[in-house]
Amino acid sequence: MNGKKRITISDVARKAGVSIATVSRVMNGADYPVNDNLRKAVLEAAEALHYAPNLFGRSLKSGKSSDVGVIVPSLVNPFFSEVISGMERRFRAEGYNPIFCSSGHEPEKELELIALMREKCVEGLLISTIHADSGLLHRLMDEDASIVLFDQPIPGFRGDSVSFDFVRAGRIAAQYLVRMGHREIAFLCAPFNRFSRRAIFRGFRESLAEQGAPFRRKNLVVSPDEGKMGETGIREFENGRRLAKMFLASGSGATAAAVFNDITALGVVRELLQNGVRVPDDVSVMGFDNIGFSAMTTPALTTINHLSFRMGALAADVLVDRIRGKAGAPVDILLKPELVERDSVKSVGEKREN
């Protein structure tokens, strides 16, 4: 080392007076529109500082790094904690050092993290993206980046993906609730801006129609945004409480509610109980994920197992194979859902047979 400080994307952003995400978009040629004046300021700052972006894969060729990057929407949601546990075990066994980061459900933050991982010359990237556009990831792959999507697939992505059969999960949930005698069933969800949410609801709605219990619009309860951190520090839990309030205010009369993930479902249960609504005696509730906490609550939560630990381990294996040049054509792995029946769903009326 000659002691000279390496210029980073943060230095360029500071000199240009813009965000790191804006610099990343300009330097990567992202499709997201950037004001001409801002673009000029970024390019002039980069030239003045003699900034040259580092590319994924450079550390692999030099053999100087064993770092891999992992970006998730949340580090406090137990689902992602379990996914990360699976990844960490596999990476450590293979001699890699994972760097875990959270985008906090913020698209701008995710772009900044991708840019920072790029600067660190990580050998590969695992990402549960909150973006629906694969353009930036494809451009990085063109630079020999090793990238694997997990949890949230992107239609049209030409790289590796390890995800879950969300449509089938929705179908299993609907089949189970109808089998337990429920006919008026609500679906509670955060905004439909993620592939998983849309896919679960599609399978859920299709299955209800096939069973002669078509989904009614009044039973769809969707929060207007992702929500904010509350007293628990877990926005999904707080959003569940908000969804429960919306459900009660709607007067839908549903006897059961399917909630798009477990931590949100636990928030729903908490709010219903605080409003004198018994679960499952008055309203049955089920979730999706099967996080560890779902078995520890009262009532224990009926849910769909998303095999989070296994997803993490598989995604890590796929990335390691890709980094080491052992992988061939891109893989698209779909884990199969499993019903986990506990105490939060009650049989009503005439229970149906499959």
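The values are calculated or read from the model by the stated rules, or taken from the named source; none is laboratory data. Keep in mind it's a predicted model, so treat the numbers as computed, not measured. Quick reminder, even Gly has a Cβ in these numbers, built from the backbone with ideal geometry, and neighbours come from all protein chains shown.
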List the pairs whose first member sits in region 279-301 and is under 21 Å from L75 (Cα atoms), whose second member is aromatic (F, W, Y) and buried (at least 23 other Cβ atoms within 10 Å of the Cβ), and whose Cβ atoms are under 7 Å apart, counting only residues at least 6 apart or on separate chains? F288/F260; D289/F79; I291/F79
What helices (runs of 4 or more DSSP H), lying completely within region 222-333, carry at least 1 residues that are farther than 25 Å from D151 by Cα and among the acidic types (D, E)? 262-274
Please tell me if E108 is in contact with a Ser or Thr (Cβ under 8 Å, 6 or more places away or on another chain), at pLDDT below 90 and within 28 Å of F288 (Cα to Cα). yes
I want to confirm something. Restricting to region 130-146 and keeping residues that are free of Cβ contacts under 8 Å to residues at least 40 places away in the same chain and outside any loop (DSSP other than H, G, I, E, B), which single residue is surrounded by the fewest Cβ atoms within 10 Å (Cβ to Cβ)? D142
Out of all the residues in region 84-100, which are in contact with a Lys or Arg (Cβ under 9 Å, 6 or more places away or on another chain) and surrounded by 19 or more Cβ atoms within 10 Å (Cβ to Cβ)? G86, Y96, P98
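Results for (1) closer than 26 Å to Q175 by Cβ; (2) in contact with an Asp or Glu (Cβ under 8 Å, 6 or more places away or on another chain), shown as yes or no for each residue.
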| position | (1), (2) |
| --- | --- |
| F195 | yes, no |
| E210 | yes, no |
| R241 | no, yes |
| S252 | yes, yes |
| L273 | no, no |
| V285 | yes, no |
| I291 | yes, yes |
| A295 | yes, no |
| L301 | yes, yes |
Do we have I154 as at pLDDT below 90 and either outside the structural domain of I84 (by TED's automatic domain parsing) or more than 29 Å from I7 (Cβ to Cβ) (or both) here? yes
Per the list (1) out of contact with any strand residue (DSSP E or B) (no Cβ under 6 Å at 6 or more places or on another chain); (2) closer than 26 Å to L339 by Cβ, residue check on F247 breaks on (1)
Exactly one of (1) out of contact with any Asp or Glu (no Cβ under 7 Å at 6 or more places or on another chain); (2) modelled with pLDDT under 95 is unmet by V345. Its number? (2)
Within region 174-206, restricting to residues that are of a type in the set (G, A, S) and within 24 Å of L149 (Cβ to Cβ), the one that is nearest to the chain's Cα centre (by Cα) is S196
Pick from region 165-185 the residues that are of a type in the set (A, V, I, L, M, F, W, C) and in contact with a Ser or Thr (Cβ under 6 Å, 6 or more places away or on another chain): which of them is nearest to H131 (Cα to Cα)? F166
Suppose we filter I114, I127 for residues that are within 15 Å of the chain's Cα centre (by Cα), under 22 Å from V76 (Cα atoms) and crowded, with 23+ Cβ neighbours inside 10 Å; which single one remains? I127
